[in-house]
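Notes for the one structure printed next.
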4 protein chains.
Amino acid sequence: MQFLSDNAARVHPAVWHAMMAADAPDAPYDGDALSRTLDAAFTALFGRECAVLWVASGTAANCLALAAMVPPHGAVVCHREAHIEMDEGGAPGFYLHGAKLLLADGHGAKVTPDTLAAVIDPIRDDVHQVQPHAISITQASEYGCVYAPHEVEAIAAFARARGLGLHMDGARFANAVAHLACTPAEAAGDVDALSFGFVKNGGLGAEAIVFFDVEAANVIRYRRKRAGHLQSKGRFLAAQILAMLEGDVWLANARAANAAAAAIGAAAGERLLHPVQANEVFLRCTAAERDALRRAGFAFYDWGSDAARLVASWDAQDAHVAALARAIAAL
Amino acid sequence: MQFLSDNAARVHPAVWHAMMAADAPDAPYDGDALSRTLDAAFTALFGRECAVLWVASGTAANCLALAAMVPPHGAVVCHREAHIEMDEGGAPGFYLHGAKLLLADGHGAKVTPDTLAAVIDPIRDDVHQVQPHAISITQASEYGCVYAPHEVEAIAAFARARGLGLHMDGARFANAVAHLACTPAEAAGDVDALSFGFVKNGGLGAEAIVFFDVEAANVIRYRRKRAGHLQSKGRFLAAQILAMLEGDVWLANARAANAAAAAIGAAAGERLLHPVQANEVFLRCTAAERDALRRAGFAFYDWGSDAARLVASWDAQDAHVAALARAIAAL
Amino acid sequence: MQFLSDNAARVHPAVWHAMMAADAPDAPYDGDALSRTLDAAFTALFGRECAVLWVASGTAANCLALAAMVPPHGAVVCHREAHIEMDEGGAPGFYLHGAKLLLADGHGAKVTPDTLAAVIDPIRDDVHQVQPHAISITQASEYGCVYAPHEVEAIAAFARARGLGLHMDGARFANAVAHLACTPAEAAGDVDALSFGFVKNGGLGAEAIVFFDVEAANVIRYRRKRAGHLQSKGRFLAAQILAMLEGDVWLANARAANAAAAAIGAAAGERLLHPVQANEVFLRCTAAERDALRRAGFAFYDWGSDAARLVASWDAQDAHVAALARAIAAL
Amino acid sequence: MQFLSDNAARVHPAVWHAMMAADAPDAPYDGDALSRTLDAAFTALFGRECAVLWVASGTAANCLALAAMVPPHGAVVCHREAHIEMDEGGAPGFYLHGAKLLLADGHGAKVTPDTLAAVIDPIRDDVHQVQPHAISITQASEYGCVYAPHEVEAIAAFARARGLGLHMDGARFANAVAHLACTPAEAAGDVDALSFGFVKNGGLGAEAIVFFDVEAANVIRYRRKRAGHLQSKGRFLAAQILAMLEGDVWLANARAANAAAAAIGAAAGERLLHPVQANEVFLRCTAAERDALRRAGFAFYDWGSDAARLVASWDAQDAHVAALARAIAAL
């Protein structure tokens, strides 16, 4: 029973169907009919003009989005447990040509205007110190916590006031929207670019970089190619994304994953390190308890020495979820 | 009738089957069972120990392979019409952190020890001039010309004598092997790394970087992640590659494409700019002649003002090929 | 008798005096009184607003100037024998984060709108090919040839028409002005930035980057620091430059060097590879002839196998110059 | 009365004399007689073979030294208040092509094996997290604190045990040696490379990168040129450094600066934030007290809102030091 990672989950049937339907000759790279339809699809979804580029990974999506905002001598402010800081193998340093990440605090891996200001305010405005050019937030956060629309808005206002770009890592954006029961536009707020994730949510290998600053997309097209991320059969990436949007598969999948996590979280009670708002459960438990869970057939990652991370996928089976909930309650 | 690009061709059914078969929970990234099998599969194919990394594009494959050989202050020597120089959007500059490409001449986009030496010998051995650290050759070349094993060997000997690494861009390596009717090991010769292409030959989005310098692969694993090319559902890339190797689908596909190109080339006769050895035909023809071909239903790219490039895919239909051959003969 | 390099020449006494006069406590970096005076000094010299940054080397000057114009995914077009291509150890690749140099032809290492267009026009306007963002020309050129004002103007008009930045490498800008007997503004034309060299012309270790695009300077201040070129005792660099400007020492020195080169060139007659317009003489001569000159006490560099490069410095002694002229005439 | 910065101090007369004595034609760049003597001079000083490169700034020295140890995908561990993190404008990101700085704690800006381990131990040994490749320590530290030889030795042993390179930022190395009353070799311990600073200690614009890993120097020669730091009249940098070594001017100057700081520190008593071991005094004092000191004619920097930094230079005048000590005692 797999609770290791939503990356380990299956591909949604609609994605397979769309990919196979795309298997006919068309223009290579992003000149195909499907890729050319993405801007309109996301513009409709967000009710706001946007330009969209597909890439194969969230790391590429995040870093290409940030490359539109941050010069090589600048910096991005993010949470100290942000994925771009902790889990992207230094990709921001590569894509931003040596720009820095400046690390802010905050509960649940969420930053606030105050924690951002605590990082930014002490920076002297001179050439000896690296100046921030953008903020990156993760929706839902690395601890499965969701920014409410008013929280995003406060950060966006802060970014504007400081003259900074704003990027949202939405590897689990769908889970955030599902939790908030709001529109995607409300969950994204006034960001300049959003990495809209699909791979963890039933896709195979396609994420969307949604640029609300449309001109920025035209620069980043060059950067995407230069990074080897302009796949020659791009129609298969576009097909995945469009299949996920069609009929709101993305939202249904996220709701399913969130519901599974909620059930697990309910069983965990006091053991929870963070409120369960998306599809991740961070559970306080001893090594012995983790062993017990594993002996019972549950696969998951340790989270430090006294906790576990359990991730519910879009295709989590009810029986597995129920079994896990029982097992946790019985610890 | 599509002769634009082998990138526009269909995905081979065996690839689809393998991908769908891989659609079960497994470890993310490259920890899955299929990815872990790649080293052995290529070691068997080449009869020589190798370490293999999948990536989604030939550009990423080429640049990551070169990153193992060239420091930021160094240079790669390649043909002046090499793909890495002409068509990768500056990716080598990105992946090699500003290293240079030094451009050599040669018929059919093939270099020789002499044309390489003509570039390298004038370089003063001092810090004011950028020093070469590797050679990159393309097998088959950008003009569909194939290096015979003795030609690769001569270049490899030259590289060793000069202390340079040797990389082979094998976006159409399969076509070269099919043409040479030799083993993959003979077609690759003594290179340090090979970008073994599958996407143009029936794959969907997976290429293999084959490191014969096994230690180099362990460094490049970090670079791949850092470039956003370590896809989280990597099992689907491994599955594609293994499906192509299984039963030598890669070779059968390349033979089919080569045969189609040969038929077209035979019809072209004196018009050929280059011998047809792989799956590309470069045809001298006027704008009016190109218009005539297009009106007859054939899609292809202009090649400058007085030539056309016609690419035969693995799935080129006999009837289309015959029709094109007739149309060319009738020009 | 030293004709190796103007880099080997002495420092002008006025420079020494100014440096020693600057040896009193003042603000570090570029906050000192002298550094703060540079903008005004060059604005007066060029009759046009400019912002000026000192750096210690021509390589740093050229690359920082170009960094204001060229994104990492772009390219600079320059002559194929330009200093930035041939003699800066790949510094443009470093400072421009992997951007390319595209190489144009032209007599005497001078480009023209036609030779520039021959490079630029074939570039497809798509993401697969690296797009030019700037042109760099050298005044006087690497072969001691000078662009007439109308030639610079034609290139500037071409650059504007193509939307490209224009940089002038003026390592020997003073020599060009001296040759042209025009104003510095006329010799620089409508460039966006000029690397105004002083080290070869009697300075010790200070060059000026003159930004006519004043805003660009404010970005490049960060890049200069980041490159380790914001020296902490910057007052000594500013002092050098101001001393060279004061009383037009820069122009007098260049005239002296040019006159010496002219005398040598006159003796060389038919042997000249290039007209002598600045302070360099490129002389056709055999190895035996070079040996003869060296035995007679003259130090200079070979230029390939059948030529020599002789450089006259600002402090070339009349007797040495006359002796060299006689020796060449007697070959 | 200047206590702002040792960068604001005068150049030592011996340095001026040596520079002027070097003002005769010699080979450009680092081919001159003086530059060629540096290896031997430092080998004698350290009693251990070393290869030495001059550069104009401490930032360049630090970053070029680290470039020998850290690949673009790696990291350097340093104190969170290290100069390379706080005051070099992101130069490490530039010179190391995007490598990270990982920040350790420690009193007085000094790290220990324990604080280093606290950073390194939690890093998973996989490609998702950036792996450390080197440690950088500052001797004397940014707070004027000195590592005792046994402390350096413990860090070096830790570095070796972890397979990490070790760099020492010795912008004030002379002050550390003066404080320790030991040999330079003892103060440097078993580091791989040392940035030996001279500019703050009576030099004009020359620092030495001392490579104890001699092979590394030969790679970094290319990087120095590529960074625009191979000045064409390098003899003037070598002359400065040799003048400082000759007769141990470097040590005498450091002793003078340390003595001045000690006198000030003695007056400060309980107000000291850090022990005064080198030439910097960090003084707890209110804004009103700082105003009082400034009205009395003393120039210095605020250090946050409730402290001041006072730096004693090699040429601090006794009367000024005594006056300052009295003024502080009287606060």
Cα-centred dipole magnitude for the stretch D:10-247, charges only on beta-carbon of K, R (+1) and D, E (-1), debye, nearest 20: 560
Residue closest to axis [chain B; rotation mapping onto C; Cβ; Å]: B:G98, 2
At least 18 Å along the helix axis (C-alpha) and Kyte average at least -1.0, DSSP helices within chain D: D:149-162, D:249-268
Using a 7 Å Cα-to-Cβ projection, A:A299 label spacings across copies, nm, ascending: 4.1, 6.8, 7.2
Total formal charge among the other residues, if their Cβ is under 12 angstrom from that of A:N258, Lys/Arg +1 and Asp/Glu -1: 0
Computed helical MRE - 222 nm, the protein assembly as shown, DSSP H runs ≥ 4 contributing -39500 (n - 2.57), nearest 500: -12000 deg cm²/dmol
Virtual spin-label span in nm between C:E215 and A:A322, 7 Å along Cα→Cβ: 6.5
Other-chain or far-sequence residues with amide H under 5 Å of C:V77's (modelled H): C:L102, C:H133, C:A134, C:I135, C:S136
Calculated P(r) of the protein assembly as shown - Cα pairs past 54 Å, %: 27
For the stretch B:79-238, the Rg and Dmax computed from alpha carbons only, in angstrom: 15.9, 48
Mean-position separation - Cα centroids, the stretch D:1-75 and the stretch B:64-101, in angstrom: 33
Mean separation of Cα contacts under 8 Å, 6 or more apart, over the residue count of chain B: relative contact order %: 24
The stretch D:59-153: relative contact order in percent, alpha carbon pairs under 8 Å with at least 6 residues between: 33
Which listed pairs, of B:K100/D:K225; A:K225/B:K233; C:K225/D:K200; B:K100/C:K233, have C-alpha distances above 24 Å, in listed order: B:K100/C:K233
Using a 7 Å Cα-to-Cβ projection, C:E246 label spacings across copies, nm, ascending: 2.7, 7.8, 8.2
Binned Cα-Cα distances of the stretch B:30-77, short to long, each 10 Å bin given as a whole percent: 22, 39, 31, 8
Angstrom value of the Kirkwood radius, inverse mean 1/r, which spans all Cα pairs in the stretch D:250-329: 12.4
Solvent-free Debye scattering, log10 I(q)/I(0), computed from the Cα coordinates of chain C at q = 0.06, 0.07, 0.11 Å⁻¹: -0.21, -0.28, -0.69
Burial ordering of A:Y29, B:Y147, C:Y143, fewest other beta-carbon atoms within 10 Å first: A:Y29, C:Y143, B:Y147
Qualifying GluC sites (Glu not before Pro) in the stretch A:28-88, DSSP loop, other Cβ atoms within 10 Å at most 14: A:E49
Calculated FRET efficiency for the pair B:A161/D:A33, C-beta based, R₀ 56 Å, to 0.05: 0.95
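What FRET efficiency comes out for the pair D:A287/A:C182, r = Cβ-Cβ distance, R0 = 45 Å, nearest 0.05? Let's see the in-between values first.
On the way: r = 48 Å, r/R0 = 1.06.
Plugging the Cβ-Cβ distance into 1/(1 + (r/R0)^6) gives 0.40.
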Residue-wise HN-Hα coupling along the stretch B:103-108, computed from phi with Karplus coefficients 6.51, -1.76, 1.60 (Hz; x: Gly, Pro): 9, 10, 9, x, 5, x
Of the trypsin sites (Lys or Arg not before Pro) in the stretch B:87-149, those whose Cβ has at most 12 other Cβ within 10 Å and which sit in DSSP loop: B:R124
Sites D:R124 and B:A40, calculated FRET efficiency, Cβ-Cβ separation with R0 30 Å, nearest 0.05: 0.70
Within 10 Å of each Cβ in A:66-79, the average number of Cβ atoms from other chains: 3
Stokes-Einstein diffusion coefficient of the stretch B:147-294, Kirkwood radius over Cα pairs, 20 °C, 1.002 mPa s, in µm²/s: 123
Reach of B:K110 by Cα under 13 Å, taken over aspartates and glutamates that are not fewer than 8 positions away in the same chain: B:E81, B:E142, B:E151, B:D169
Amide proton proximity set for C:K233, modelled H, under 5 Å, gap of 5+: C:Y29
Centroid-to-centroid separation of the stretch D:208-271 and the stretch A:285-331 [C-alpha atoms, Å]: 58
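If you take each beta carbon of peptide B:197-204 and count the beta carbons of other chains within 10 angstrom, what is the mean?
If you average over the peptide's residues, the count of other-chain Cβ atoms is 2.
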Gaussian network model of chain C, Cα within-10 Å springs - most flexible of C:G189, C:G269, C:G108: C:G269
Label point 7 Å beyond Cα along the C-beta direction, distances from B:A21 to other copies (nm, shortest first): 2.7, 8.0, 8.5
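Coordinate-derived values only; no laboratory data. Values in this document were obtained by computation on a predicted structure and should not be read as measured data. All Cβ positions, even for glycine, are placed from backbone atoms using ideal geometry, and neighbour counts span all protein chains on display.
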